[in-house]
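A.B. asks: Here it is, the structure, as structure tokens.
The values are calculated or read from the model by the stated rules, or taken from the named source; none is laboratory data. Here the structure is a predicted model, which means the values were calculated and not measured. Cβ placement follows ideal geometry from the backbone for every residue including glycine, while neighbour counts extend to all protein chains displayed.
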Amino acid sequence: MTKPGRLIAIAVILIVIGAAFKIRSDEQGYITYMGGDPAAAIPGLAARAERGDMHAAILLGRIFELDRRAVSPIADRQKAAAWYLKGAQLGDLRAVHLFINLRLGEGASISPARQMDRCKISIRLLNMAAAAGDAGANIVLGSMHRDGNRCVQSSILKTAQYFNEAAKLDPKLSSFIDKFVKTYKNIARANLASPFPGTAERPTPAQALKEFIAAAPSLGGAGRGK
């Protein structure tokens, strides 16, 4: 895994685990998962998600995407995408960057023209989620701009601004901007107060989610999560 990939994974894990500890301690799916058995936790978490628990839906997405403690058949990107979409439908803004990060990782399997279409849509949706208050979307965008990729050009200033925004939204992520400013000493802290580098207006979480849910099919869609 590349350094940007590791940073994104660490940020997402912090956010997801933090949410998991907020739910009822007597929920069997969560107890089983935290006990180290993701595969056995899936039925309980799925039932919880179907009853409207957005945190359970997001955690199921993480299990199906990359939880290596489960046996190999558990890894299923289509099911991961389905549960992330379910999380968005239930109102979890984190689902936007989790779903998009998953789909952008499939770039090698689609045509260059399709990749560019996905990039344009993905960056627009990530910026909406970031502006609406999702720290994870800011970390993903900052990491993209730091190194540059097929979706965005490299920009040290934008990287710092996105990381700074993430730290404001979630103090646990302050190490991202602290380390970055130390590395790039030409980025003055004053520059970080510049206008948000994403959307011109800051949408509400509900607006960002509505746009994402409508656009999800163009990013690869998702099958059922069960």
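A.B. asks: Among what's in the stretch 116-143 and is surrounded by fewer than 17 Cβ atoms within 10 Å (Cβ to Cβ) and not basic (Lys, Arg), pick the residue that is farthest from Lys179 (Cα to Cα).
C.D. replies: Among those that are surrounded by fewer than 17 Cβ atoms within 10 Å (Cβ to Cβ) and not basic (Lys, Arg), it is Asp117.
A.B. asks: Would a scan of the stretch 178-189 turn up a residue that is at negative phi, part of a loop (DSSP other than H, G, I, E, B) and modelled with pLDDT of 90 or more?
C.D. replies: The answer is no, given that none of the residues of the stretch 178-189 is at negative phi, part of a loop (DSSP other than H, G, I, E, B) and modelled with pLDDT of 90 or more.
A.B. asks: Output yes when any residue across the stretch 56-74 is under 26 Å from Ser218 (Cβ atoms), surrounded by 15 or more Cβ atoms within 10 Å (Cβ to Cβ), of a type in the set (Val, Ile, Thr) and at pLDDT 70 or above, and no when none is.
C.D. replies: Within the stretch 56-74, one or more residues are under 26 Å from Ser218 (Cβ atoms), surrounded by 15 or more Cβ atoms within 10 Å (Cβ to Cβ), of a type in the set (Val, Ile, Thr) and at pLDDT 70 or above.
A.B. asks: Which residue, of Arg124, Arg150, Arg146, is over 25 Å from His55 (Cα atoms) and in a helix (DSSP H, G or I)?
C.D. replies: Result of the check over Arg124, Arg150, Arg146: Arg146.
A.B. asks: Going residue by residue through the stretch 22-39, is there one that turns out to be at pLDDT 75 or above and either within 14 Å of the chain's Cα centre (by Cα) or farther than 25 Å from Lys172 by Cβ (or both)?
C.D. replies: Checked the stretch 22-39: at least one residue is at pLDDT 75 or above and either within 14 Å of the chain's Cα centre (by Cα) or farther than 25 Å from Lys172 by Cβ (or both).
A.B. asks: Can you tell me which residues in the stretch 138-189 are of a type in the set (D, E, K, R) and under 21 Å from Lys120 (Cα atoms)?
C.D. replies: Selection gives Arg146, Asp147, Arg150, Lys158.
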